[in-house]
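Report on the following structure.
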Amino acid sequence: MSDMPTQAVMPDPFASIMLELALLMTMVIVARWVTSRFRQPSVLGELLIGVVVGNIGYWLGLPFFKFVMIYGAASPVFDQVWQTGVSVTQAASEVFSPEELAPGGQGHEVLQLLSGGHALANVNTGISLWLFSSLGIILLLFNVGLKTGIRQVRGVGRDAAQVAVVGTLGTLAIALVVAWLLPLDLSPAGRFFIAATLGATSIGVVTRMLEDIDKATTPEGRLILGACVLNDVIGLLLLALAIELVVKGHMDVPAVAWLLVSSVAFLAAIVIFGDRLGGPLAHQLNRISPPELRFLAPLAFAFLLGWLCSSLGLSGTVGGFAAGLILSDEALRDTTKQMLVPLIAVFTPIFFLLIGMQVNLAVFLQWQTMLLTFALLLAAVLGKLTTAWVAGSDVDRATVALGMLPRGEVALIFVGVGRSLDIINDQLFAALVAVIILLAFGSGLALKWAFSPRSPRAEAMLARLGRWPAS
C-alpha cells in the first residue's frame, strides 16, 4: 500500500462564527425570558445580559470577548487597512499614539488581537459583527416603520408635533451646554453628536410601558405616542446630520443644507405619497405564491431604499424606516408581516447585545465615568421636561413630560454609530449606555406613578411641574 501524501486540514473559518452565533442566540433567549417575566422591554434585557456576559468573558481573557470589548477601537484600524492596503501594524501606528501602542495601552491590545495567533478568527469576527450589526439596525428601523405607519405619522396633531420638536430641541440645547462644560476631548461635531444621541425618545419602550399599565388610549398616552412617532423621524434626521458633521470634521454649510433639504424632502414625499405606492405594492405582495416567499420582497424593498438613501448621502437607516412606513398599509396582510418577525428577531437583538458587550464595567466604576453619567442623565431629563411647556391644557402636562423620558432604539443606534466612527471613547460609551438603561427603567416607574392615584402632596408636585413653564 503506497503512502498517500498527507495534507494539513485547515480549520473552517466560519466554524468560530457559528459558535459565536450560538452563544449570542442563547443570550437572546435568556434575555427575552427574563424581561418577559418582569414585564420589561426586551431591549433592556439584551443590553444588560450583554454587559454581564461580556465583562465576565473579558475578565476571563477569552479571545472573542476581548475582541468585542475593543471592537470600537479596532474599527478605525480595519478602515485604514481596507482603504489604503497598509499592514495592520502600520495602520495601528496611524490610528493610535505611541503611548497607546505601549504595553498596557489600548492600541497595543488591538494590535495583539489583529496580528497574534487569533488574528484570522478576530478579523472574521470583526467582519461578521459589522455585517450583523448593520443588518440589525436596518431591520430594526424597518420594523419600527411597519409598526408606525404613514397614517399615524400624518395623524400627529399640533400638540404632539410641538411636544416632539420642543423635547428634541430642548434636550439638544441643554446637552450641548453640558457637553461643552465637561472636560471632554471632543471636537464641536463630536459634542453635537453626543447631544443628538440624547434627543430621541424611544417609541418602542414607551409603547410597552403604556400598554403594561393600560394607558395607551388615554389623552396623555395618545399624545405621548404621537410625539414619539415624530421624534423618531427627527432623530433620524439628526443622526444623518451628526454623521455628516463628524465625517467632514467641520460645518460644511452647503453639504449640511443639502443633507437637511434632501432628508426632509425624502421623508415628506414618503409621508404624502407613500400610501399610493404602498397600497398597490402590498396588493402584489399578497399575490406572491408560495406564501413563504412573501417576506423576501419587503426585505428587498427595505434594502433597496437603504441603498438609495446611502447614495443620496443619508443614513441607510432612513431608507429602512421609510420602507416600513410604505409597507405598513393595512392591505399588507398581517401574515406577511409576521413572516418578517423571525428574521428581525435574529439580527436586531445581536445589535443590542454587542452594544452591551462593549461596556467595560471597570471603566464605568471610575469616578470620571460616573460624573459623565450623572451630567448626561441630568441633561437628558431636563431636556424632555421642557415638553410641559407645549403639551396643551387638556392633558396632564407633567405626565406627558415624564412619558417622553425613555430612551432606547434610536439612541442606541447613535451610540453604535459613534463607536464605529471612533467618536465615543470607553468612558463616554459606558456613560451613554448607562443613561439609556437608567432612563428606560426609571421612566417606567415614573410613568406608572404619574398615572396612578396620587396623594395631595404628589398632585401638588406634578402640578408645579405642569405650571413651571407658565410661571
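So here's what we get for this one:
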read-out	value
Spatially near lysine pairs across the chain, Cα under 28 Å, sequence gap of 8 or more or different chains	8
Segments 344-356, 59-71, 221-233, 25-37 sorted - mean Cβ within 10 Å per residue, highest first	221-233, 344-356, 59-71, 25-37
Reference-scaled alpha-carbon Rg (2.2 N^0.38 Å with N residues) for the range 17-127	1.25
Among 163-170, 442-449, 86-93, the order from most to least packed when residues are scored by Cβ within 10 Å on average	163-170, 442-449, 86-93
Calculated on alpha-carbon atoms, Rg and Dmax of the chain in Å	23.2, 99
Estimated FRET transfer efficiency when R0 is 45 angstrom, pair Ala269-Ser393 (beta carbons, to 0.05)	0.85
Signed unit charges on C-beta, dipole axis of the range 17-127, positive-most listed residue Leu113, Val30, Trp59	Val30
Net charge dipole size for the chain [Lys, Arg +1 and Asp, Glu -1 on Cβ; Debye, nearest 20]	1560 debye
Descending semi-axes in Å of the range 138-205, equivalent ellipsoid built from Cα gyration tensor	29, 16, 8
Rough spin-label spacing in nm, given labels placed 7 Å along Cα→Cβ, for Ser97 and Thr218	5.2 nm
Förster-model FRET efficiency, 30 Å R0, Val256 and Asp79, C-beta, rounded to 0.05	0.85
Scattering curve values for the range 94-235, log₁₀ I(q)/I(0), Debye with Cα scatterers, q = 0.10, 0.15 Å⁻¹	-0.58, -0.93
Full-stretch length increase - Leu371, Arg32 - with 0.36 nm per residue and alpha-carbon distance subtracted	118.9 nm
Helix runs (DSSP H) in the chain reaching 20 Å along axis by Cα, Kyte-Doolittle at least 1.0	15-37, 42-59, 119-148, 158-181, 219-248, 253-285, 296-311, 334-357, 367-385, 426-451
Calculated [θ] (222 nm, deg cm²/dmol) that DSSP helices of n ≥ 4 give over the chain, each run adding -39,500 (n - 2.57)	-25000 deg cm²/dmol
In the range 293-327, chymotrypsin sites (Phe, Trp or Tyr not before Pro) in a DSSP loop with at most 11 other beta-carbon atoms within 10 Å	none
Two-site FRET efficiency, Met18 against Arg158, from Cβ-Cβ distance with R₀ of 51 Å, rounded to 0.05	0.45
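Quick note: the coordinates plus some simple rules give every number you see, no bench work behind them. Since the model is a prediction, treat every value here as computed from it, not as a measurement. Glycine gets a Cβ as well: all are built from the backbone with ideal geometry, and neighbour counts include every protein chain shown.
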